[in-house]
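Read the structure below first, then the notes.
Quick note: the coordinates plus some simple rules give every number you see, no bench work behind them. Keep in mind it's a predicted model, so treat the numbers as computed, not measured. Please note: Cβ atoms are built from the backbone with ideal geometry, for glycine as well, and neighbour counts cover all protein chains shown.
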Amino acid sequence: MNIIFLTLAEIDSVEDRGIYQDLLRKFRDEGHDMTIVTPVQRRRNIATNLVKKEGVSILQVKTLNIQKTNIFEKGIGTMAIEYQYLAALKEFLFNTTFDLVLYSTPPITLVKVIDYIKRRDSALSYLLLKDIFPQNAVDMKMIKENGFIHRQFLKKEKKLYEISDGIGCMSPANADFIRRHHPEVDPDKVEVNPNSVEPRYSAFAETQKEEIRRKYQLPLDKKILVYGGNLGKPQGLDFLLETIAAVKNEKAFFVIVGDGTEYTRILDWFTLHKPSNAKLFGKLPKEDYDVLLSSCDIGLIFLDKNFLIPNFPSRLLSYLEIGIPIISATDPNTDIGDIIEKNGCGYKLLAGDLTTMQVTVDKLVNEDLSAYKERCRMLLENEYHVNRSYKIIMNRMPHV
């Protein structure tokens, strides 16, 4: 098949690790022709271009800054991107016919691009639903419910679901949410197609883990609880800072790794409070982050307690891959904590419940954690392997 993947994630190489790269690499390795359409934000000063590399075609489209920028530029840039993508498609891919349009949210604003390819090529379309927008923006009070902007985005959301031949949701709770809140959508095209990866298990000896900890100046005699990934408002990271301040167990040490809109505020908190039981790192290259993660003992997941939509953070997969137990502190609507507990991979609690968090940390730092490795890897292999995601999408292609 000839497949085009539309995304707002910046993809420079299909050989990088990530939920999108791993899936696209799987399609390539199965013999499909892949074209990736990805933004290159104006801060990088690169013109729109089409390159062939690593067995795929990558169309980089110059856009405004749409990530890690102020909300005004992000909003304007997100609205403009479908016109920029359309112009780039017509210039660089006018003579290429596609069988399948694959795309992810965010954003919902690629409707015209998807519709154009579907009509031009009689292609099928498949949505990887990673973000239920605009409801998440309403939950975070970034846009006013039922305001003009909200209503415009709702129209685009409904159109996106309408033109999608398949909608892959991250979890059962995600799929149920779409079916309940969008009864106009054919329920048969809504299915669970979770975040997935091609696992790469690394076995570090204890001496190697000690070397890693020494490199990053982390204690050798404590259980390290790690939070890695985006540091933004949706993560509700005030509760993470409250946890660091409240936990007095001398066996516990916290590590935060990442960047995002809240990084500066978190850095200011560290500068002011100088916690002796925690360390903050900025964003690390993926390989360095994976190595640091391998020396940690417990993974942390945080989501803002006000979410009405069932988010499902992809950082779960990194924790499962290295086989460490997970503490999930979230809103009551997501099912990520239920899945973690059901499979014996950790514990769930409500964001803001400091008492339960302290009890859970105390339990895990005093526990032999070796039994978690096998359970975590079993969950990863059974539910979140890229092979499963690939098969789910291919099952939607009747002519293949």
Review point. Once both axes come from the Cα atoms, what is the angle between helix 354-365 and the longest principal axis of the chain, in degrees from 0 to 90, rounded to 10?
Key: 70 degrees
Practice item. Rounded to the nearest 10 degrees, what's the angle between the helix 206-215 long axis and the longest principal axis of the chain, both from Cα atoms, 0 to 90? Key: 80 degrees
Review point. Considering the zone a paramagnetic label at Arg120 would reach in this model (a point 7 Å from Cα along the Cα-to-Cβ line), which residues of the stretch 1-28 have amide N under 19 Å from it?
Key: 1-8
Exercise for review: For a quick protection proxy, order the peptides 352-358, 334-340 by their average other-Cβ count within 10 Å, most packed first.
Suggested key: 334-340, 352-358
Exercise for review: Would you mind classifying the stretch 206-382 by shape? Square roots of the alpha carbon gyration tensor eigenvalues, ordered a ≥ b ≥ c; an a/c under 1.5 is rounded, otherwise it is prolate if a/b is larger than b/c and oblate if not.
Suggested key: rounded
Review point. Using modelled backbone amide H atoms (1.01 Å from N, in-plane), which distant-in-sequence or interchain residues come within less than 5 Å of Gly232's amide H?
Key: Glu262
Check your understanding: Residue by residue, what Karplus-based ³J(HN,Hα) values in Hz, rounded to whole numbers, does the stretch 149-164 have, using 6.51, -1.76 and 1.60 with θ = phi - 60° and x for Gly and Pro?
Key -> 5, 4, 5, 5, 5, 4, 4, 5, 4, 4, 5, 4, 5, 5, 8, 7
Review point. If one computes the Cα centroid of the stretch 76-122 and of the stretch 25-51, what distance in Å separates the two points?
Key: 13 Å
Practice item. For the stretch 218-224, just list the computed ³J(HN,Hα) in residue order, Karplus coefficients 6.51, -1.76 and 1.60, θ = phi - 60°, integers in Hz, with x standing in for Gly and Pro. Key: 10, x, 8, 10, 10, 7, 9
Point to revise | Which of His273, Val51, Cys345, positive extreme of dipole for the chain (C-beta unit charges) | key: Val51
Practice item. Give me the aspartates and glutamates in straight-line cross-link reach of Lys144: C-alpha distance below 17 Å, same-chain residues under 8 apart excluded. Key: Glu157
Study note, to complete from the structure: Ordered by number, the GluC sites (Glu not before Pro) in the stretch 171-213 that occupy a DSSP loop and have at most 15 other Cβ atoms within 10 Å are Glu184
Revision key, fill the gap. Summing -39500 (n - 2.57) over every DSSP H run of at least 4 in the chain, dividing by its residue total and rounding to the nearest 500, the 222 nm mean residue ellipticity is -12000 deg cm²/dmol
Study note, to complete from the structure: In the structure shown, of Lys141/Lys342; Lys223/Lys274; Lys130/Lys305, the pairs separated by more than 22 angstrom at the C-alpha atoms are Lys141/Lys342
Check your understanding: What ranking, highest mean first, results for peptides 379-387, 95-103, 283-291 when packing means the other Cβ atoms within 10 Å averaged over each residue?
Key -> 95-103, 379-387, 283-291
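Arranged from highest to lowest average of other beta-carbon atoms within 10 Å per residue, in what order do the peptides 37-49, 234-246 appear? Please report the intermediate quantities before stating the final value.
Working: 37-49: 15.5, 234-246: 20.1.
Per-residue Cβ counts within 10 Å, averaged per peptide and sorted highest first, yield 234-246, 37-49.
Starting from the alpha-carbon convex hull of the chain, give the projected area averaged over all orientations, in nm².
Values: hull surface 77.2 nm².
Reported value for the Cα convex hull: 19.3 nm².
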Revision key, fill the gap. Surrounding charge for Asp188, neighbours by C-beta under 12 angstrom, Lys/Arg +1, Asp/Glu -1, total 0
Check your understanding: Considering amide H positions built from the backbone, and no H for Pro or chain starts, which residues 5 or more places from Phe254, or on another chain, come under 5 Å of its amide H?
Key -> Leu225, Ala278, Lys279
Exercise for review: Identify all lysines with a Cα-Cα distance to Lys391 below 17 Å; exclude those on the same chain that are fewer than 8 residues away in sequence.
Suggested key: Lys26, Lys189
